[in-house]
Amino acid sequence: MPPVAAELTGSWLRRMALASGLPAQDLVRGILNGSQTVQITGTPKTALEAYLNAPARSALARFTRVPQSRLYELLPQLGPTHPRLSDDGGPQAAWFTPAHAWVTACPQCTARAWSRRQPVLLYPGSVGHICRRHRRWLLANAHGPASVPLGILPEVMAAHRRHVALVRGVAGAAGAVAVAAAMVWSWLAQQWWIGDKLWSRRAAALASLTGCPAVSVAAHALIAYPETISVAALLSNPQWQQRLRQSASDDGLRAAKAMALEDIGRWIGRPWLVDWLTADARTRRPGAEERDPLQWWLGQLTGPNPSPGDLWCVPDSLARPVHYGDRLTFLTDLRVREVIDGAKAACLTGGWEPVPHRPSPAGPHHSSR
Ligand SMILES: [Zn+2]
């Protein structure tokens, strides 16, 4: 039973355990058992992902007869050794919460590996959150299938096509998506979404497809996904960047910003964006300008000798909040706890998010998906 590409190590171990009729912890203990003492932290009941040290990885390869190099290709979190484990001494395993977003695989696409009792859980990487073949946005549910059918949201499928092309064609595309997400979020959080017909329609569709109240779906990544990908494509366009640099050097940063907003508004089908933001600026709190992701990005772009890293490493203070609950507090005055419970029940609080892929500690086997 080989792993599915990009699977959680813990998901694969659980599937093997189910097939052999053992509790997952007993299977792990059995795999690691040798002449040396085995040390296992946590249990499969308390956390989803299994981390192994080097001796434990060798034991896993021996037991499953899958070469270690192949396991590293398929299991993104298999190596290097987790900082809380050590390679000295005997085999060690630990069950921890996954450090990266995960999704429940598309059941049709993983038919042979899929079981009702143990779904396949995957790391979506930068674009694996949508199954193109079956037109589904994959959600995160450890206990069963969970996805949003995209038949009535063709703009989300179209955005995913653009997203895949962007990732293939532009170095640092994930960073551009993160910066774009921060910009679109900054407008969303300024109540843009309340009167916006496209967003309202999308929120109503997601609410009806998940059986969740509209207010509970507002903070989901799907709602602003098409605009985020459009803005990311524009931000990555070298000719557009050059025009902005020119405008900043001729007429100053303020003029470049006005031009950027004008272009972005047209590009995402909201030609009123610049007027709306200008009107809003009059009522904005002092210091809001410094917390504006577009302002930050233009500063990077027009600074002396910007490197690609400078352009796409949006500071955490300006980035779109990662946690669902943190985003919801900006979008509703209702009691957030209740609204989140609704989103949780519909599996909307986890899964793929447009967060920058932070540089990870270099390791010989680390996957840089
Ligand atoms: Zn599929």
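The values are calculated or read from the model by the stated rules, or taken from the named source; none is laboratory data. Worth saying up front: this structure is predicted, and the values here are computed from it rather than measured. Neighbour counts are summed over all protein chains in view; Cβ atoms, including those assigned to glycine, are modelled from backbone coordinates with ideal geometry.
Residues that are among the hydroxyl-bearing types (Ser, Thr, Tyr) and more than 21 Å from TYR123 (Cα to Cα) were ranked within segment 31-49; the one that is modelled with the highest pLDDT is THR41.
Inside segment 141-153, can you point out the residues that are away from the ligand (no atom under 15 Å from the Cβ) and buried (at least 16 other Cβ atoms within 10 Å of the Cβ)? Hits for segment 141-153 are ASN141, ALA142, LEU153. Once segment 97-140 is narrowed to residues that are in a strand (DSSP E or B) and touching a residue at least 40 places away in the same chain (Cβ under 8 Å), the residue that is nearest to the ligand (Cβ to nearest atom) is LEU138. Among all positions in segment 268-289, there is no residue which is touching a Pro at 6+ places or on another chain (Cβ under 9 Å), touching a residue at least 40 places away in the same chain (Cβ under 8 Å), buried (at least 18 other Cβ atoms within 10 Å of the Cβ) and part of a helix (DSSP H, G or I).
A quick yes/no check of all residues on (1) out of contact with any strand residue (DSSP E or B) (no Cβ under 7 Å at 6 or more places or on another chain); (2) under 20 Å from VAL231 (Cα atoms):
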{"residue": "ILE130", "(1), (2)": "no, yes"}
{"residue": "ARG133", "(1), (2)": "yes, no"}
{"residue": "LEU138", "(1), (2)": "no, no"}
{"residue": "ILE152", "(1), (2)": "yes, no"}
{"residue": "MET157", "(1), (2)": "yes, yes"}
{"residue": "ALA181", "(1), (2)": "yes, yes"}
{"residue": "SER186", "(1), (2)": "yes, yes"}
{"residue": "GLN190", "(1), (2)": "yes, yes"}
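Of all residues in segment 76-90, those that are in contact (Cβ under 8 Å) with a residue 40 or more places away in the chain and under 14 Å from ARG57 (Cβ atoms) have Cβ atoms under 7 Å from Cβ atoms of residues that are of a type in the set (Gly, Ala, Ser) and in a loop (DSSP other than H, G, I, E, B), 6 or more apart or on another chain, in PRO76/ALA6; PRO76/SER367; GLY79/GLY363; PRO80/GLY363. Taken over segment 50-87, residues that are part of a loop (DSSP other than H, G, I, E, B) and loosely packed, with under 15 Cβ neighbours inside 10 Å amount to 6. Residues that are within 16 Å of the ligand (Cβ to nearest atom) and either of a type in the set (A, V, I, L, M, F, W, C) or within 30 Å of TRP272 (Cβ to Cβ) (or both) are absent from segment 168-191 altogether.
Which residues, counting only those in segment 310-345, are polar (S, T, N, Q), surrounded by 13 or more Cβ atoms within 10 Å (Cβ to Cβ) and over 20 Å from THR210 (Cβ atoms)? Matches in segment 310-345: THR329 only. Of the listed requirements (1) in a helix (DSSP H, G or I); (2) more than 16 Å from the ligand (Cβ to nearest atom); (3) touching a residue at least 60 places away in the same chain (Cβ under 8 Å), VAL156 misses just one: (2). Scanning segment 102-126 for residues that are of a type in the set (A, V, I, L, M) and at pLDDT 95 or above gives VAL103, ALA105, VAL120, LEU121, LEU122. Screening segment 208-246 for residues that are touching a Ser or Thr at 6+ places or on another chain (Cβ under 9 Å) and of a type in the set (S, T, N, Q) and picking the one that is nearest to THR332 (Cα to Cα) gives SER216.
Given ALA94, ALA47, which one is among the small types (Gly, Ala, Ser), touching a residue at least 40 places away in the same chain (Cβ under 8 Å), assigned to a strand (DSSP E or B) and at negative phi? So that I can check it myself, show each step before the final result.
Working: ALA47 fails: assigned to a strand (DSSP E or B).
Result of the check over ALA94, ALA47: ALA94.
For segment 201-243, the candidate set comprises residues that are assigned to a loop (DSSP other than H, G, I, E, B) and among the hydrophobic types (A, V, I, L, M, F, W, C); within that set, the residue that is farthest from HIS160 (Cα to Cα) is CYS212.
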